[in-house]
1. Treating only the Cβ atoms of Lys and Arg (+1) and Asp and Glu (-1) as charged, compute the dipole magnitude of the range 1-139 about its Cα centre; round to the nearest 20 debye.
2. Projecting each Cα onto the charge dipole of the chain (Lys/Arg +1, Asp/Glu -1 at the beta carbon, about the Cα centre), which of 120, 131, 70 comes out farthest on the positive side?
3. Can you grab the distance from the C-alpha centre of the range 167-223 to the C-alpha centre of the range 9-80, Å, no decimals?
4. Just check the range 102-217 against the gyration tensor rule for me: Cα atoms, a ≥ b ≥ c as the square roots of the eigenvalues, rounded for a/c under 1.5, and otherwise prolate or oblate depending on whether a/b exceeds b/c.
5. Expected output is a single nm value to one decimal: the length gained when fully extending between residue 108 and residue 76, i.e. 0.36 nm times separation in residues minus the C-alpha distance. What is it?
6. Work out the length of the dipole vector of the range 74-119 about its Cα centre, built from +1 on the beta-carbon of each Lys and Arg and -1 on the beta-carbon of each Asp and Glu, and round it to the nearest 20 debye.
7. At 222 nm, what helix-only mean residue ellipticity would the chain give, in deg cm²/dmol to the nearest 500, using -39500 (n - 2.57) for each DSSP H run of four or more?
8. Tilt of helix 175-191 relative to the longest C-alpha principal axis of the chain, in degrees (0 to 90, nearest 10)?
Amino acid sequence: MTQHLLAVDHLNAWYGAAQVVFDAQLHVARGEVVALIGRNGAGKSSTLKAIMGLMPRRTGRVIFEGHDLSQAEPYQAARSGLGYVPEDRRIFTDLTVLENLQLGVQAARCFADGSAAPQWTLAQVFALFPNLAHMQQRQAGHMSGGEQQMLTVARTLMGNPLMVLLDEPSEGVAPVIVEQMGEMILALKAQGVSVLLSEQNTHFADWVSDRSYALDRGVIAPA
């Protein structure tokens, strides 16, 4: 039986009095890429936020690599090796590319069985995103949307995550960036990093993911 790296059971989440995630159940295995597919407003981003502990109110269980994150704060989830790439990027626009990356650095990690997790250096990140290597001293606020998206992912990788929650990687960026993001996800999988991504673009999701869940009005089911 495959042991799940992430197991979500009966997860519910609210914004104030409005419930937006309903009894979500999903799992992601080590080294697996899983997609949450749904239209805009279906609850994909809210599901990722609830897993990460970013929703103001949630119930249910979130188990990650043996750690119970059901009541954890976002920083505790991050320390356990769960990386999060938000849809709105949230880079430090007044800092350079290099400074943004250096802020993301965390120590090397091991999986629960003692095996070493993928470790990311600046050289490896720049090999994955060559565009960033040529703009290390550029202020992040002067980058294009696609370049900022790359930077957000790269900064997350500098934390050596065991798994990445990736919110809408193909939305609002040029086709060439979409292709690079897809290649990046496949490269992460090859390195042994698990990915749970939310995505409207079903062709993109089919390309990069091993399997998917469909999401509609906050309700999740196998696609």
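1. On the way: 12 positive and 11 negative charges, 47 e Å.
Dipole magnitude for the range 1-139 comes out near 220 debye.
2. My answer, from the dipole projection, is 70.
3. When both Cα centres are located, 17 Å separates them.
4. Working: a/c = 1.91, a/b = 1.03, b/c = 1.85.
Oblate, since a/c reaches 1.5 and b/c is not below a/b.
5. Net length gain for the segment: 9.9 nm.
6. Here the size comes out at about 120 debye.
7. Details: 8 runs with 70 residues, N = 223.
Value at 222 nm, helices only: -9000 deg cm²/dmol.
8. Helix 175-191 sits roughly 70 degrees off the main axis of the chain.
Read-outs: derived from the displayed coordinates by stated rules, not from any lab. From a predicted model like this one, the values you see are computed outputs, not experimental measurements. We place every Cβ from the backbone using ideal geometry, glycine too, and count neighbours over all the protein chains shown.
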